[in-house]
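This report refers to the structure that appears directly beneath it.
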Amino acid sequence: MIRLGIIGATGSIGVQAMGILNSNRGRFQLKFATAHTRRAELESLTVNHGSHGVPELFVTSEVGSQPVLDAIHLENIDILLVASEGVSGLEYTYAAAKAGVPVALANKESLVLGGHILMPIFAEMGGGSQMFGGVSGGGVSGDAFSTMFGSANTQPQAVRPSVIPVDSEHSAIFQSLMGQDMSSVAKIVLTASGGPFRKFTPSMMAGITREMALFHPNWSMGQKITVDSSTMMNKGLELIEARYLFDMPSDKIDVVVHGESIVHSYVVFKDGATMAQMGIPSMLAPIAFALGYPHRLETGLPTFDMLKYPTLSFEAPDTVRFPALGLAQEALKVDKPCVYIGLNAANDTAVAGLLNDTIGYNDIARVVAHILDSEFLYKTDTSTMDGVQSLVDEVQHKSTQYMKKLR
Ligand code: NAD
Ligand code: MG
């Protein structure tokens with residue numbers, strides 16, 4: 001029985017996770033679940049959740065985050081699914097890391113903001129986290145990797161990694177790396193759907209509205225990540241997420257646009273061999289993999305049939321039409337926590353600005369670029385969580401001020 005906590009149970013990821021509990025009755029005990037608002041929805045979701053016992057429920061806009069942070073420490077859970085939106089995920093991921101609780105991480109923003117603090121803690125927790133050591137640092141983590149996946153490299157150990165990605169691309173990379181020696185990785189390549197504007201001309205890009213940005217062709221997701229997917233900032237954040245999760249240097253992480261979203265990402269090895277993880281576009285598979293590791297759970301997805309996808313297309317991303325991705329790639333080259341924090345917090349504020357009609361669609365990248373060009377960003381000590389939080393606050397404040405000028 002896996003004892004589980006879920007942060008953001010009413011969201012797109014949270015609801016699908018509840019579905020997995022239902023499809024795998026008897027395997028999980030949901031100890032607690034949170035939503036930010038929508039108490040009734042949280043209650044109805046958890047009434048028939050297919051797990052043992054009655055979970056504790058927290059509505060964080062009413063009670064704040066402290067009772068949840070306490071539960072992470074006290075509830076004796078085996079895994080915490082962090083699936084809240086945007087920068088809100090960080091404090092929960094950090095609390096889990098400090099409490100030695102393994103995290104199934106959907107909230108990529110946690111790592112983009114705090115990867116430099118979180119990953120060393122996860123690594124100390126041991127288990128699979130050791131696999132993430134070493135490629136960019138010149139160390140060889142093959143031994144560490146096999147510590148996790150079994151010395152014969154055939155069977156994964158039953159040790160749950162201290163952090164396991166839910167994001168489909170990172171789950172794909174994780175799965176493609178199983179049983180491999182990290183020192184033989186030539187590069188990891190994240191695939192991107194390209195979003196709804198993949199085929200837009202530059203003049204069409206100029207006319208994008210909030211409503212257009214909230215429609216995604218392949219995935220049904222929360223509003224923030226839907227907008228991020230349309231600007232391709234989502235892929236930018238994922239580059240940084242991958243940099244931390246797999247300890248990859250920036251020149252070994254690439255993006256390829258793949259409109260069908262069948263290849264979820266791939267790893268190229270130095271002998272030329274390439275391991276890709278594929279499937280129909282559904283978050284159920286990566287969520288189930290993260291929650292059930294090392295076992296594969298029931299998801300209810302149809303058996304994958306390659307014949308349904310006789311042609312798959314791949315193209316290079318266009319950072320002229322998608323400047324947000326270009327900004328993230330630049331940030332990756334600089335590879336400093338303050339730059340990642342600036343990028344992420346500015347984007348968070350700008351997307352909220354689009355959603356409440358304060359700025360236009362093309363202003364999002366302008367806000368991010370403005371923050372990355374600001375000197376204050378480079379002057380804050382980001383080595384502690386307090387430092388990270390105060391930089392997030394400052395970036396949000398400065399972004400909001402700048403957004404007023406854009407109106
Ligand atoms: P969503 O907007 O559908 O749901 C967000 C959840 O977080 C809700 O339960 C909401 O109540 C809660 N929440 C919102 N604001 C909060 C706050 N301030 N404090 C605490 N909880 C808060 O989002 P989603 O699409 O499920 O995405 C959740 C996370 O997973 C994001 O970080 C996203 O990038 C990541 N992710 C999502 C998908 C996807 O397919 N939806 C795929 C990969 C990664
Ligand atoms: Mg993703």
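The values are calculated or read from the model by the stated rules, or taken from the named source; none is laboratory data. Worth saying up front: this structure is predicted, and the values here are computed from it rather than measured. Using ideal geometry, Cβ is built from the backbone for each residue, glycine included, and neighbour counts are taken over all protein chains shown. Heads up: the accessible areas ignore ligands, DNA and RNA and are worked out on the full protein's heavy atoms, side chains in. Shrake-Rupley method; radii C 1.70, N 1.55, O 1.52, S 1.80 Å.
Since ALA285 meets every condition but one in (1) modelled with pLDDT of 95 or more; (2) part of a loop (DSSP other than H, G, I, E, B), which condition does it not meet?
Failed condition: (2).
Filter the range 179-218 down to residues that are within 14 Å of ligand 2 (Cβ to nearest atom) and over 26 Å from SER250 (Cβ atoms), then give me how many there are.
2
Kindly state which helices (runs of 4 or more DSSP H) lie completely within the range 201-261 and contain at least 2 residues that are touching a strand residue (DSSP E or B) at 6+ places or on another chain (Cβ under 8 Å) and surrounded by fewer than 17 Cβ atoms within 10 Å (Cβ to Cβ).
Answer list for the range 201-261: none.
What's the number of the condition VAL268 fails, among (1) more than 22 Å from ALA369 (Cα to Cα); (2) part of a loop (DSSP other than H, G, I, E, B); (3) of a type outside the set (Gly, Ala, Ser)?
(2)
Out of the residues in the range 14-28 meeting the condition of being without any contact (Cβ under 8 Å) to a residue 60 or more places away in the chain and open to solvent by 50 Å² or more (accessible area, probe 1.4 Å), tell me which one is nearest to ligand 2 (Cβ to nearest atom).
Taking the candidates together, the pick is VAL15.
Which condition breaks for HIS370 when tested against (1) out of contact with any Phe, Trp or Tyr (no Cβ under 8 Å at 6 or more places or on another chain); (2) surrounded by fewer than 22 Cβ atoms within 10 Å (Cβ to Cβ)?
Condition (1) is where HIS370 drops out.
Do you know which residues across the range 94-111 are within 14 Å of ligand 2 (Cβ to nearest atom) and of a type in the set (Lys, Arg)?
If the condition is that a residue be within 14 Å of ligand 2 (Cβ to nearest atom) and of a type in the set (Lys, Arg), then LYS108 is the only one that fits.
With the checklist (1) over 26 Å from SER84 (Cβ atoms); (2) among the β-branched types (Val, Ile, Thr); (3) within 12 Å of ligand 2 (Cβ to nearest atom) in hand, flag the one item VAL255 doesn't pass.
Condition (1) is where VAL255 drops out.
Report, by residue number, each residue of the range 375-407 that is farther than 12 Å from CYS338 by Cα, among the charged types (D, E, K, R) and surrounded by fewer than 17 Cβ atoms within 10 Å (Cβ to Cβ).
ASP386, ASP393, LYS404, LYS405, ARG407
Residues that are near ligand 1 (Cβ under 10 Å from one of its atoms) and either closer than 30 Å to GLY387 by Cα or touching a strand residue (DSSP E or B) at 6+ places or on another chain (Cβ under 6 Å) (or both), at least 3 per element: which strands (runs of 3 or more DSSP E) completely within the range 10-94 meet that?
It comes to 28-35.
Could you give every pair whose Cβ atoms fall below 8 Å, whose first residue belongs to the range 37-54 and is farther than 20 Å from SER65 by Cα, and whose second residue is open to solvent by 80 Å² or more (accessible area, probe 1.4 Å), counting only separations of at least 6 or pairs across chains?
Listed by first residue and then by second, the contacts come to GLY50/ARG25; SER51/ARG25; SER51/ARG27; HIS52/MET1.
Specify which of the listed residues (VAL63, VAL59, VAL68) is away from ligand 2 (no atom under 16 Å from the Cβ), among the β-branched types (Val, Ile, Thr), open to solvent by less than 10 Å² (accessible area, probe 1.4 Å) and free of Cβ contacts under 8 Å to residues at least 40 places away in the same chain.
The match here is VAL59.
Is there a residue being open to solvent by 10 Å² or more (accessible area, probe 1.4 Å) and within 22 Å of LEU239 (Cβ to Cβ) anywhere in the range 302-310?
There is no residue in the range 302-310 that is open to solvent by 10 Å² or more (accessible area, probe 1.4 Å) and within 22 Å of LEU239 (Cβ to Cβ).
Go over the candidates LEU291, LEU325, LEU297, LEU307 one by one and state the one that is closer than 18 Å to ALA104 by Cβ and assigned to a helix (DSSP H, G or I).
So the residue among LEU291, LEU325, LEU297, LEU307 that is closer than 18 Å to ALA104 by Cβ and assigned to a helix (DSSP H, G or I) is LEU291.
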